[in-house]
Amino acid sequence: MFSGIRFYSTRSKPEVDLKKLRPMILKRIEERAKEYPVKGMLTVAREVLQARTALYDGVSTLSQRIPIWACKYCPEVYIGEGGHLIQTCHGYRHHAKNKVHSWVKGNMNDVIVPVQTFHLQKMFQNVVKHHERFDYDRIPAVVELCLQAGADDNDQRVSSSVDTPDGFGINTADRVSLSDDDLRLVATRTLRAWETLRSGVHKLLFVYPARVCKHCSEVHVGPSGHKARMCGVFKYESWRGTHFWEKARVDDLVPPKLVWFRRRQDPPILVDKGREYYGRAPAVVDLCSKAGALVPSKYFCMMKMDGLTAPD
């Protein structure tokens with residue numbers, strides 16, 4: 001006796017008439033659009049915009065006192081006196097391998113990586129075609145997410161976020177003359193804004209869809225990705241194809257930009273032979289910690305705060 005064997009019918013299933021289903025699908029999308037924006041998420045969107053403005057203001061202030069270094073040939077960034085000697089440079093097109101970095105003065109975009117996206121008039125609209133890519137403005141992805149969450153276009157927080165604020169509260173002379181206590185206070189506010197920004201974006205992504213390309217850094221805020229054939233441009237590739245979309249995460253909209261973190265037990269200049277012992281940290285967290293802010297304990301593991309020192 002054969003038990004547990006199922007016999008399935010070999011008769012073909014009736015074909016689905018997509019022409020009849022199309023009006024039903026479009027009506028369902030239209031009905032779904034009436035549920036947005038979600039009123040309960042409007043407060044979160046406003047908090048995210050405020051945190052983003054405070055973050056840029058704080059990083060701009062701290063960068064006047066704490067050196068930021070960027071590699072001339074790759075995206076590596078280091079925060080502190082002089083660059084490190086860890087051999088992780090791969091050059092423009094990854095042609096080089098394990099070279100020492102060539103350090104130049106960095107800026108705020110090296111600490112807070114800008115992520116741009118197409119600005120849509122409404123969340124549920126026709127997909128952006130390739131020939132329409134120049135008809136839409138490009139704005140920060142976080143701002144677009146907040147706009148789709150119900151933030152007002154005429155709000156001062158939106159306009160300042162679109163323009164990427166640069167220390168509007170403190171002029172350059174006052175930043176340089178800040179005392180250590182004032183600098184520590186700015187660093188604490190900046191680190192709090194960083195945490196508020198990331199947690200707020202995390203909450204918004206539960207309600208509002210966003211997409212990221214699997215093969216490049218392109219982000220699209222909306223229920224489906226656009227059709228602009230730009231894949232490869234952001235990685236300096238020689239071809240331009242359509243994006244392969246998948247669900248976006250917080251790190252896609254707010255990249256942490258990990259940097260090597262120098263601990264108390266580490267040498268003044270980090271060397272290559274100790275790279276297995278050194279910790280890593282988001283650039284904003286490292287910048288704020290060097291200004292005196294207390295780092296949240298959730299970063300201790302990746303920063304290897306109490307780890308062993310590298311052998312001589």
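Each value in this text was obtained by applying a stated rule to the coordinates, not by laboratory testing. It should be emphasised that the depicted structure is a prediction, and the values quoted were computed from it without experimental measurement.
Quick notes on this one:
- Applying 0.36 nm per residue to the separation of K214 and S102 and subtracting their alpha-carbon distance, the gain on full extension is 37.3 nm.
- Filter on K39/K203; K122/K257; K273/K298; K214/K247; K27/K129; K105/K214 - keep pairs with C-alpha separation over 20 Å: K122/K257; K273/K298; K27/K129; K105/K214
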